[in-house]
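Engineer: Encoded as structure tokens, here's the structure I'll be asking about.
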Amino acid sequence: MSARPAAATARPTALPDAVPDGAPGLDTTLTEFLIGEQRKFPGATGEFTALVNDLRLACKRIANVVGKGSLAGRSGKTGTINVQGEEQANLDVLANDMFVRTFLRGGTLAAMVSEEIDDVMLIPADQPRGRYLLAFDPLDGSSNIDVNVSVGSIFSVLVDPDRDAAVDAKAFLQPGRQQVCAGYAIYGPTTMLVLSFGRGVHGFTLDREIGEFILTHPGMQVAPETSEFAINASNSRFWEPAVTRYVDECLAGSSGPRGRDFNMRWVASLVAEAHRILLRGGVFLYPRDDRASARRGKLRLLYEANPIGFLIEQAGGRATNGERPILEVTPSALHQRTGFVFGSRSEVERIEAYHRDHNTRPYDAPLFRARGLFRDVASQG
Ligand code: AHG
Ligand code: MN
Ligand code: MN
């Protein structure tokens, strides 16, 4: 005889308690996370969620090629020079194409800016125009690519300030504080996507077998104190006094004014350095210096310093150009370079104080702008 209850007593089945969030193989996916975020905004149209889905797709496409290494037949240089005056690697160009191709038909963007493209790239008129602007570095740390060291992609999302006007460079020249989303993908031993929508920083690890990013690092926080710094010391003879003082004091270790020993790292991949600092603290310096090519710094404000600065601030750290928070700088050019210092709060504050004590060269003085009396050659690149 069947023990089935009579139909009249049947009730809707509650979801089983036996499958809690985070059970093995059932962790929160990026898709679930995005749906949860979208629900916090009842009027949301889903356009922002669609944009993040395309970011995920672009990064998965790049991860796939980067992960194949030499097997993909894409190693080496193209023999071409980008708008920065830097030699392009084949993978720089391919990664750029992957971003462009992914977003061209997505309907979420009005325009894009990339390290590898001279000017603003408009979404073609025959495609739907979205409400966002995307600035990206398709492959960061690309000098590491042929030696199998971590590289990444960096992205910054802004709102198109005037949806009725044609997008021009000016639309992108917004202080980093106005970013609505920033993040990076790191292509290392594992591929991770680290994102912020302005409500904390969350890290997702790509599970290659199911092809989905899994929330593995919710609420990432930069440790407030650190004894680890990162700088390219081969440029030390060109540094400003504030930077020399800071590094000298770290190197003096327990017998110097800091009274403790420091450790040093340099990966030459901004994404990898930012990732390490998000995970275990540290401070990164790529200051402006006296080389003609770095009078204004080396890293690019729109698609390197701003998105990384946004993540670091969202994770409780600090990011500056030496003089003021990087996110407060109003950009004046698409490919503008900047000095950049970020990481654990107490060390960044110390470096800012040293800049106040020792700075001899103005940061944004008209005399040092491109058309200033003292023409600054580096501001051209
Ligand atoms: P990209 O590969 O996108 O041009 O960026 C390289 C950047 C950055 O990732 C890194 O912090 C820095 O260049 C390294 O510069 P040096 O080679 O001067 O150390
Ligand atoms: Mn870069
Ligand atoms: Mn790059």
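The values are calculated or read from the model by the stated rules, or taken from the named source; none is laboratory data. From a predicted model like this one, the values you see are computed outputs, not experimental measurements. Don't worry about glycine lacking a Cβ; one is built from the backbone with ideal geometry, like all the others, and counts go over all protein chains shown. These area figures cover heavy atoms from the full protein model, side chains too; ligands, DNA and RNA do not enter into them. Shrake-Rupley method; radii C 1.70, N 1.55, O 1.52, S 1.80 Å.
Engineer: If N is the number of residues in segment 108-202, what value comes out of its Cα radius of gyration divided by 2.2 N^0.38 Å?
Structural biologist: Normalised Cα radius of gyration, segment 108-202: 1.20.
Engineer: Read phi for every residue in segment 105-118 and hand back ³J(HN,Hα) as whole Hz from Karplus 6.51 cos²θ - 1.76 cosθ + 1.60, θ = phi - 60°, with x for Gly and Pro.
Structural biologist: Computed from phi, the couplings for segment 105-118 are 10, x, x, 9, 10, 9, 6, 10, 10, 9, 3, 8, 10, 4 Hz.
Engineer: Straight distance only, please: which lysines reach the Cα of residue 60 with their own Cα at less than 17 Å, same-chain residues fewer than 8 apart left out?
Structural biologist: Straight-line reach from residue 60, under 17 Å: 68.
Engineer: Using the Cβ atoms and a cut-off under 13 Å, what net charge is assigned to the surroundings of residue 246, where Lys and Arg are +1 and Asp and Glu are -1?
Structural biologist: Once all neighbours under 13 Å are counted, the net charge is -3.
Engineer: Tell me the carbon and sulfur percent of the accessible area for segment 228-380, rounded to whole percent, probe radius 1.4 Å.
Structural biologist: Answer for segment 228-380 is 49 percent, counting heavy atoms of protein chains only.
Engineer: With a ≥ b ≥ c taken as the square roots of the eigenvalues of the C-alpha gyration tensor of the chain, please select rounded if a/c is under 1.5 and otherwise prolate if a/b is larger than b/c or oblate if it is not?
Structural biologist: Here the chain falls in the prolate category.
Engineer: Report P(r) for segment 228-380: all Cα-Cα distances, bin width 10 Å, range 0 to the bin holding the largest distance, values in whole percent.
Structural biologist: P(r) for segment 228-380, in whole percents per bin: 11, 43, 36, 9, 1.
Engineer: Could you rank the peptides 227-233, 135-141 by their average count of other C-beta atoms within 10 Å per residue, with the highest value first?
Structural biologist: Per-residue mean Cβ counts within 10 Å order the peptides as 135-141, 227-233.
Engineer: Roughly how big is the chain's charge dipole about its Cα centre, with Cβ charges of +1 (Lys, Arg) and -1 (Asp, Glu), in debye to the nearest 20?
Structural biologist: Computed charge dipole of the chain: roughly 160 debye.
Engineer: A follow-up question, please. Quick check for you: with a 1.4 Å probe and neighbouring chains kept, what is the accessible area per residue of the chain, in Å²?
Structural biologist: So the chain comes to 47 Å² accessible per residue, rounded to a whole number.
Engineer: Put +1 on the Cβ of every Lys and Arg and -1 on every Asp and Glu Cβ in segment 6-217; which of 102, 206, 185 then has its Cα farthest towards the positive end of the dipole?
Structural biologist: Highest projection toward the positive end goes to 206.
Engineer: Let a ≥ b ≥ c be the square roots of the eigenvalues of the Cα gyration tensor of segment 20-116; is it rounded (a/c under 1.5), or, if not, prolate (a/b larger than b/c) or oblate?
Structural biologist: The shape class here is oblate.
Engineer: How would you classify segment 6-217 from its alpha-carbon gyration tensor, with a ≥ b ≥ c the square roots of the eigenvalues: rounded for a/c under 1.5, else prolate if a/b is greater than b/c, otherwise oblate?
Structural biologist: Taking the square roots of the gyration eigenvalues as a ≥ b ≥ c, segment 6-217 is oblate.
Engineer: Whose amide H sits under 5 Å from the amide H of residue 261, counting only residues 5 or more places off or on another chain, with H placed in the peptide plane?
Structural biologist: For residue 261, whose amide H was placed from the backbone, the distant partners under 5 Å are 254.
Engineer: Same structure, new question: Explain nothing, just the number: dipole magnitude of segment 228-380 about its Cα centre with +1 on each Lys and Arg Cβ and -1 on each Asp and Glu Cβ, in debye rounded to the nearest 20.
Structural biologist: 380
Engineer: Here is a follow-up. Any chance you could list P(r) for segment 218-314, counting all Cα-Cα pairs in 5 angstrom bins from zero, rounded to whole %?
Structural biologist: For segment 218-314, the pair-distance distribution reads 3, 12, 21, 22, 22, 13, 6, 1, 0.
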